[in-house]
1. Please go through segment 195-229 and pick out each residue that is surrounded by fewer than 20 Cβ atoms within 10 Å (Cβ to Cβ), modelled with pLDDT under 90, touching a helix residue (DSSP H, G or I) at 6+ places or on another chain (Cβ under 7 Å) and more than 17 Å from Asp154 (Cα to Cα).
2. State all residues of segment 94-146 that are of a type in the set (Val, Ile, Thr) and farther than 15 Å from Thr191 by Cα; if no residue qualifies, say none.
3. From the set of residues in segment 80-99 that are among the charged types (D, E, K, R) and in contact with a Gly (Cβ under 9 Å, 6 or more places away or on another chain), which is farthest from Asp47 (Cα to Cα)?
4. For segment 12-37, give me each residue that is assigned to a helix (DSSP H, G or I), surrounded by 14 or more Cβ atoms within 10 Å (Cβ to Cβ) and of a type in the set (Gly, Ala, Ser).
5. Pairs under 7 Å by beta carbon, first residue of a type in the set (Ser, Thr, Tyr) in segment 125-141, partner part of a strand (DSSP E or B), six or more apart or different chains?
6. Which residues, counting only those in segment 149-179, are of a type in the set (A, V, I, L, M) and touching a Ser or Thr at 6+ places or on another chain (Cβ under 6 Å)?
Amino acid sequence: MILVTGATGSIGTHLVRLLLDRGVPVKALVRDEARGSALGCELVAGDFDDPSSLAAAMRGVDRLFLNAGGAQPVDGEQPMIRQQRAAIDAARAAGVSRVVKISVWHAHRGGRLAEGAHWEIEEHLKASGLGWSILQPSGFMQNFITGAGAFTTDGELAGAYGDAGVSYIDCHDVAACAAALLTGSAGLGETYVLTGPRALSHAEIAQELSTALGRTVGHVALSPDELATALRAQGLPERFADDVAELSRQVATGSLEATTDAVRELTGREPRTFAQFLAANAQALRDGLVASVR
């Protein structure tokens, strides 16, 4: 039995579907059973901040997909660290044999925001005695549907990376890599950096969006400091805004431009291009863009 956390998210929904299509026993840890009912698999209600619910969810589980928990700092603390450590400890107590964790590219000690948080969780997992595999994706193509890709109120794409590219990956490909590791024996004790087939600048992304939508999508270049100012104006904490600005400066140096062969190695096929992703999600793109500019 495989337990999927974050099952209603951009990766988890694809993963559950892939596992069900393969006839693999799977259950999803969800906080809202009504929302989770659309997954079509066994559900178990639970919360990462409720140890007893984690223990109950792990019963009968052999492998765990770990991808959940709060990402934004609360009072200077990353709740994801506490929450995912609790899930790892519950998995160990329940006799789970293997954990496949979603991390982030460039996770490292002392890193800002998710980079530092995921590094701490990775270290806890490696020291747990559990079998493990770690997936470190580049930026998600889905960000341009959810609005996290930063559109202005006029529907233009805003970026603070200059001309640098990002090797965005489709969450469907991340899920396919996770499914391969959860259902096979390969990759034990390995960390995989997952990327799309090529890096795209925000200007190139705006052009591809224009083609997909049949109208011109402009591109607005922000400096990291301007981005931080905009985040503060939205009421986000100053430290968080400063950390986002610093990460933007790093991306502007090309830190997310490289590509890897990990998707092909794990799945036997090439990762989706951005154009293929847009074609497969055309209506969701239109709906998401409308919602983001209201």
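1. Listed by number, the residues that qualify are Ala212, Asp225.
2. Within segment 94-146, Val96, Ile145, Thr146 meet the criteria.
3. Arg98
4. Hits for segment 12-37 are Gly12, Gly36.
5. Hits for this filter: Ser133/Val100; Ser133/Glu190; Ser138/Val166; Ser138/Ile169; Ser138/Leu194.
6. Answer for segment 149-179, where residues must be of a type in the set (A, V, I, L, M) and touching a Ser or Thr at 6+ places or on another chain (Cβ under 6 Å): Ala158, Ala160, Ile169, Ala176.
Each row is one residue, and each column tells you yes or no for (1) modelled with pLDDT of 90 or more; (2) under 29 Å from Ser167 (Cα atoms); (3) buried (at least 19 other Cβ atoms within 10 Å of the Cβ).
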residue	(1), (2), (3)
Ala56	yes, no, no
Leu64	yes, yes, yes
Gly70	no, yes, no
Val74	no, no, no
Ile88	yes, no, yes
Ala107	yes, yes, yes
Pro137	yes, yes, yes
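Conditions (1) under 18 Å from Cys171 (Cβ atoms); (2) of a type in the set (Asp, Glu); (3) free of Cβ contacts under 8 Å to residues at least 60 places away in the same chain; (4) surrounded by 16 or more Cβ atoms within 10 Å (Cβ to Cβ), marked per residue:
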position	(1), (2), (3), (4)
Ser10	yes, no, no, yes
Leu39	yes, no, yes, yes
Gly46	no, no, yes, yes
Asp50	no, yes, yes, no
Arg85	no, no, yes, yes
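The values are calculated or read from the model by the stated rules, or taken from the named source; none is laboratory data. Since this is a predicted model, take the numbers as computed values, not measurements. We place every Cβ from the backbone using ideal geometry, glycine too, and count neighbours over all the protein chains shown.
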